[in-house]
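> Have a look at this one.
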Amino acid sequence: MHPRFRLLGLLADGHFHSGEALGAALDLSRAGVWKLVQSLADLGLEVSAVPGRGYRLEHAFQLLDAERILSAVDPAARGRLARVEVLPTVDSTNRFLQSLGASGAPSGTVCLAEHQSAGRGRRGRTWISPFGAALYLSLLWRFPLAPAALGPLSVAVGVLVAEALEDLGVEGAGLKWPNDLLWRGRKLAGVLTEVAGEATGPAQVVIGLGVNVHLPPAVGDAIDQPWVDLSTIQGGRVDRNVLASRLLERLSIGLDRFSREGFAPFRGAWDRLDLARGRPVVMTLGEGRVAGTCRGLDDSGALLVESQGRTGRYLSGEVSLRLPA
Ligand code: BTN
């Protein structure tokens, strides 16, 4: 492992560590430790250096641990998962799993990373991914279905993520179509599902989740929409390993259900979590914009927007809605 990540393993507890002790643990001179500490800024981490005390991370965090994650998943769900890979850094966990999938990795393969250098968001956006500040998780799933039958999958995944957060005691989160998770109008988590496969099936899907856990303010300033993180909502430290376990539990059971029964079983939960139903929305599709009232989803997961006496059905596009803070 790169010494930078070994250094992070030592500093993760949020306590002071002297340059001397770090140097001994990493087999580096004190100047070498200083240089390595400076390089942590590239990962978006803030470290304080105090003469006589040493170095300390501004925010303690728990490193991701594949063993801990898998062992905390309910056995019924664990059987549906294959290997769990934790990487200190990667360009994108979705990109990584797509290429593992192309070389035959089994359904249920999971990749998590502490940092992404080229995290992908929906609609070609970048997902800013500072080290240890969020959960970046991707899951490879194989469906015995044609890609065209997977239209409502990303909506169902949004429901499963919201339910996993409810399992962890997060109250008041809701969904904006197709799968943005918002809390009091601010984005808490996003989902990117990427589908590949022959037109007649089967389909290979990579489901990528980004959940904000403790974003440093400087990083948050670079995000172009209102956002919130779990440590703000829950008032303290959040165990990302437990978060990953709950998400994998909900997803693995829910995705099997989607394979067998489609979108119908997710319908009720969507209606409960839907933030837009009955509200004024603006739907943007390419150059076009439609302002109207959201009328929820149809059975295929398409969004219904009523405007000037007729109801339009949308399978893609971007919804904006104004929510009370
Ligand atoms: C969105 O735009 O709301 C979707 C964001 C999805 C981000 C996650 S982070 C883990 C996975 N890897 C990526 O490159 N993107 C997804």
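The values are calculated or read from the model by the stated rules, or taken from the named source; none is laboratory data. Fair warning: this is a prediction, and the values are worked out from it, not measured in the lab. All Cβ positions, glycine included, derive from the backbone under ideal geometry; neighbour counts span all protein chains shown. Just so you know, the surface numbers come from the protein's heavy atoms only, side chains and all, with ligands and any DNA or RNA stripped out. Shrake-Rupley method; radii C 1.70, N 1.55, O 1.52, S 1.80 Å.
Per-residue answers, yes or no, for (1) outside any strand (DSSP E or B); (2) open to solvent by less than 20 Å² (accessible area, probe 1.4 Å):
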site	(1), (2)
7	yes, yes
63	yes, no
85	no, no
98	yes, no
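> Quickly run through segment 295-312 and pick out the residues that are open to solvent by 40 Å² or more (accessible area, probe 1.4 Å), without any contact (Cβ under 8 Å) to a residue 24 or more places away in the chain and either of a type in the set (Asp, Glu) or at positive phi (or both).
Result: 306, 308, 309.
> Condition first: aliphatic (A, V, I, L, M) and open to solvent by 20 Å² or more (accessible area, probe 1.4 Å). Now tell me which residues in segment 190-204 satisfy that.
Correct list: 192, 195, 196, 199.
> Scan 143, 96 and give me the residue that is modelled with pLDDT of 95 or more and within 12 Å of the ligand (Cβ to nearest atom).
It is 96.
> Which count do you get for residues in segment 146-159 that are crowded, with 22+ Cβ neighbours inside 10 Å and within 14 Å of the ligand (Cβ to nearest atom)?
The number of residues fulfilling the criteria is 3.
> Something else: Among the residues of segment 72-82, write down those that are more than 14 Å from residue 255 (Cα to Cα) and in contact (Cβ under 8 Å) with a residue 24 or more places away in the chain.
Hits for segment 72-82 are 72, 73, 74, 82.
> Here is a further query. Can you say whether residue 207 is farther than 12 Å from residue 134 by Cα and either within 16 Å of the ligand (Cβ to nearest atom) or surrounded by 17 or more Cβ atoms within 10 Å (Cβ to Cβ) (or both), as far as the supplied structure shows?
yes
> Out of all the residues in segment 161-189, which are open to solvent by less than 10 Å² (accessible area, probe 1.4 Å) and either closer than 18 Å to residue 242 by Cβ or assigned to a strand (DSSP E or B) (or both)?
Listed by number, the residues that qualify are 161, 162, 164, 165, 170, 174, 175, 181, 188, 189.
> Filter segment 9-18 for residues that are assigned to a helix (DSSP H, G or I) and open to solvent by 10 Å² or more (accessible area, probe 1.4 Å); which is modelled with the highest pLDDT?
Selected residue: 10.
> Here is a further query. Can you tell me which residue among 70, 43 is more than 16 Å from the ligand (Cβ to nearest atom), aliphatic (A, V, I, L, M) and open to solvent by less than 50 Å² (accessible area, probe 1.4 Å)?
70
> Which pairs have Cβ atoms under 8 Å, sit 6 or more apart or on different chains, and link a residue in segment 1-21 that is more than 24 Å from residue 89 (Cα to Cα) to one that is open to solvent by 40 Å² or more (accessible area, probe 1.4 Å) and not aliphatic (A, V, I, L, M)?
Sorted first by the residue in segment 1-21, then by its partner, the pairs are 16/53; 16/56; 18/53; 19/30; 19/34; 20/30.
> While we're looking at this one, here's another question. Read through the list (1) open to solvent by 50 Å² or more (accessible area, probe 1.4 Å); (2) closer than 30 Å to residue 278 by Cα, then give the number of the only condition that residue 217 fails.
(2) is the only condition that residue 217 fails.
> Give 118, 162, 134 a once-over and let me know the one that is near the ligand (Cβ under 10 Å from one of its atoms), within 15 Å of the chain's Cα centre (by Cα) and within 24 Å of residue 70 (Cα to Cα).
The match here is 134.
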